[in-house]
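Down below is the structure, laid out as structure tokens.
The values are calculated or read from the model by the stated rules, or taken from the named source; none is laboratory data. Computed from a predicted model, the values in this text were never measured in an experiment. Counting neighbours? That spans all protein chains shown, and the Cβs are built from the backbone with ideal geometry, glycine included. We work out accessible area using only protein heavy atoms, side chains counted, and drop any ligands, DNA or RNA first. Shrake-Rupley method; radii C 1.70, N 1.55, O 1.52, S 1.80 Å.
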Amino acid sequence: MNRIAPKISQEELNTQLDYSEKIKALYDNMLDHKPRAYIDTYGCQQNFADSEFIMGMLTDMGIEITTDENEADIAIFNTCAIREHAEMRVLGNIGKLKQTKKEKSHLVIAVCGCMAQQEHMKEKILKSYPYVNLLFGTHALYKFPELLYKQLKSHKRVFDTSGDEIGMIFEGVHIKRDRDIRANLPIMYGCNNFCTYCIVPYVRGRERSRDKEDIIRSFKEILDAGYKEITLLGQNVNSYGSDKGYSYDFADLLDEIATIGEQSGKEHIIRFMTSHPKDATEKLFQVMAKHDNIAKQLHLPFQSGSDRILEAMNRRYTKEHYLGLIEMAKKYMPDISFSSDIIVGFPGEVKEDFLETMDVLENVKFDQLFTFIYSRRVGTKAALMPDVITAAEKQEMFEYLLKRQQEIGLERNMAEIGKTFRVLVDGESMDEKYDLSTKMEGGRLVKINGSKDLIGKFINVKVTKASPHALFGEIVE
Ligand code: 5AD
Ligand code: SF4
């Protein structure tokens with residue numbers, strides 16, 4: 001348990017690059033066009049970061065990325081196991097390819113990520129999805145070239161869920177980022193917390209931090225490449241370094257990164273997620289307050305407002321501690337925005353517990369909430385705990401919470417009308433009435449009209465209108 005996770009060795013990286021060359025040669029003989037891969041990614045930012053590794057490896061193999069699954073020679077599903085709903089969605093989408101596979105026999109269907117790491121899911125896919133050719137778990141990700149080569153060469157099904165719970169540190173695997181404004185920067189992998197509802201520690205292994213030198217090098221590369229919004233990623237960034245016995249902690253890392261960012265003279269904003277309330281510190285808030293290039297935004301999941309439920313969840317903090325952290329953060333950053341994750345219907349939860357959750361909502365007034373109905377996960381402790389309320393009662397509580405958050409969101413957004421904010425223009429708007437989508441420092445969406453040339457720039461906008469989930473504004477010169 002005290003073993004420090006190893007980095008992927010240079011020898012292993014070279015082996016995988018050799019397989020990439022072999023794949024190039026195989027496809028050259030097999031196809032009359034450049035091979036194309038389609039990647040469907042589910043779940044959290046970590047999974048999206050993993051897909052960027054996959055795209056990097058595909059590029060090494062001479063394979064193009066396509067967003068049209070119909071023209072794909074390889075279809076990759078990078079899956080999530082956090083809730084049953086996520087798994088059902090993936091299985092449904094894999095099922096849709098059954099017919100395509102009949103018509104295009106050379107199509108490789110690959111399933112990877114958290115769902116694939118679970119033994120019972122591997123069995124299910126082996127048995128019920130015979131047209132899936134390749135399956136590999138989170139630990140075997142770096143071996144993708146080797147596994148794909150073996151599949152292409154043998155035409156047999158290749159399944160690899162190897163790797164122990166300590167896991168590996170992904171250093172040296174090529175990355176191809178699929179966006180040009182926002183970049184993910186993983187600082188650690190895995191989780192040690194074993195919240196009793198959560199499958200993550202089982203499918204992603206123990207907490208392992210990247211070396212600070214590697215992170216800083218990646219950060220500089222990202223800045224040099226012109227990215228404007230950089231998000232430091234980890235399941236629990238606040239415990240950064242503890243697996244290595246570092247006395248240098250996450251606040252130190254953030255401080256150092258933000259200082260390098262400031263000295264670069266390049267305009268950018270730094271975010272981080274996720275923070276666990278048991279590990280968030282005053283020092284972290286001081287660092288956040290000290291640097292203008294760190295967004296005054298904190299994603300701090302509280303999951304439940306009931307101390308009884310928090311204990312059953314193994315969260316290791318109380319409602320009082322959580323609210324104390326919020327107050328402390330506000331003391332250093334009066335305009336800070338908060339977002340959170342909440343689970344409704346955890347086993348044993350009753351109305352009184354739910355009301356405690358609602359009390360936190362009323363107290364903090366979050367900008368954004370990610371709300372979930374509890375989903376039983378095979379292998380977790382909570383899966384064995386009995387329910388005392390019905391699914392309908394859970395649904396009712398859930399809808400009440402959503403409705404109240406809508407009202408709070410609207411209230412908070414309406415209060416911004418007439419004010420001017422600095423925003424990052426991060427793309428075209430999905431809303432046909434507006435040209436551009438922009439993001440405030442706190443993370444809120446502001447839709448505006450303006451030229452596409454502004455994409456990737458920081459500009460000032462004045463808020464003119466508000467809805468529960470978005471603000472609308474105009475450019476201020
Ligand atoms: N059921 C419902 N929600 C869950 N989450 C994690 N596991 C479960 C589960 N079994 C939620 C938590 C976590 C977020 C990423 O997903 O709120 O913070
Ligand atoms: Fe899951 Fe808890 Fe770890 Fe978050 S901190 S990934 S909820 S076990």
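Can you compute the FRET efficiency between Asn29 and Glu256 using 1/(1 + (r/R0)^6), with r the Cβ-Cβ distance and R0 = 56 Å? Round to the nearest 0.05. Let's see the in-between values first.
Numbers: r = 49 Å, r/R0 = 0.88.
About 0.70, to the nearest 0.05.
Given the whole protein assembly as supplied and a 1.4 Å probe, what does the accessible area of Tyr131 come to in Å², nearest 10?
Tyr131 exposes around 30 Å² with every protein chain in place.
Evaluate region 21-131: find the radius of gyration of its Cα atoms, find its Kirkwood radius, and give the ratio Rg to Rh. Walk me through the intermediate numbers first.
On the way: Rg = 14.2 Å, Rh = 14.6 Å.
When Rh is taken as the Kirkwood radius, the ratio is 0.97.
Which one, Ile74, Met57, Met88, is farthest towards the positive end of the dipole of region 49-98 when Lys and Arg carry +1 and Asp and Glu -1 on their Cβ?
Met88
With label points built 7 Å along Cα→Cβ from the Cα atoms of Glu69 and Tyr246, find their separation and express it in nm.
Going by the 7 Å Cα→Cβ label model, 3.9 nm.
Among Leu298, Gln235, Ser451, whose Cα projects farthest towards the positive end of the dipole of the chain, with charges put on the beta-carbon of Lys, Arg (+1) and Asp, Glu (-1)?
Toward the positive end, the furthest listed residue is Gln235.
At 7 Å along Cα-to-Cβ for each site, give me the label-to-label distance between Glu477 and Gln263 in nm.
3.9 nm
What's the tally of Lys pairs in region 117-209 whose alpha-carbon atoms lie under 20 angstrom apart, where the two lysines are 8 or more places apart or on different chains?
On the way: Lys122/Lys143; Lys122/Lys150; Lys122/Lys156; Lys124/Lys156; Lys127/Lys156; Lys143/Lys153; Lys143/Lys156; Lys143/Lys176.
Taking region 117-209 as the scope, the lysine pair count is 8.
What list of ³J(HN,Hα) couplings, whole Hz, do you get for region 11-26 from phi and the Karplus terms 6.51, -1.76, 1.60, once you set θ to phi - 60° and write x for glycine and proline?
So the Karplus estimates, Gly and Pro as x, are 4, 5, 4, 5, 4, 5, 5, 4, 4, 4, 4, 5, 5, 3, 5, 4 Hz.
Report ³J(HN,Hα) in whole Hz for each residue of region 339-352, in order, from the Karplus equation J = 6.51 cos²θ - 1.76 cosθ + 1.60 where θ = phi - 60°; Gly and Pro get x.
In residue order, the calculated couplings are 9, 7, 10, 9, 10, 9, x, 4, x, x, 5, 10, 3, 4 Hz.
What size of dipole, in debye to the nearest 20, comes out for the chain about its Cα centre when the only charges are +1 on Lys and Arg C-beta atoms and -1 on Asp and Glu C-beta atoms?
Working: 65 positive and 73 negative charges, 158 e Å.
In debye, rounded to 20, the chain gives about 760.
Could you please put Ile39, Ile448 in sequence from largest to smallest accessible area, using a 1.4 Å probe?
Values: Ile39 30, Ile448 0 Å².
Heavy-atom accessible area, descending, gives Ile39, Ile448.
Every cysteine in the chain with no other Cys Cβ under 4.7 Å from its Cβ, please list them in numeric order.
Cysteines lacking a close Cβ partner in the chain: Cys44, Cys80, Cys112, Cys114, Cys191.
Which value, in Å² and to the nearest 10, is the accessible area of Arg83 when all protein chains are kept and the probe is 1.4 Å?
Surface open to solvent at Arg83 totals about 70 Å².
What nm distance separates the two modelled labels at Lys331 and Glu411, each placed 7 Å from Cα along Cα→Cβ?
2.5 nm
Could you check how many percent of all C-alpha pairs in region 1-54 are farther apart than 15 Å?
Details: 995 of 1431 pairs.
Pairs farther apart than 15 Å: 70 percent.
With a bin width of 20 angstrom, please list the P(r) values of the chain as percents of all Cα-Cα pairs, from the 0 bin to the one holding the largest distance.
22, 55, 23, 0
Which value, in debye to the nearest 20, describes the size of the charge dipole of region 256-323 about its Cα centre when Lys and Arg Cβ atoms bear +1, Asp and Glu Cβ atoms bear -1, and nothing else is charged?
Working: 10 positive and 9 negative charges, 39 e Å.
It works out to roughly 180 debye.
Got a sec? What order do Asp32, Asp307 fall in by accessible area at 1.4 Å, biggest, i.e. largest, first?
Details: Asp32 150, Asp307 75 Å².
Sorted by accessible area, descending: Asp32, Asp307.
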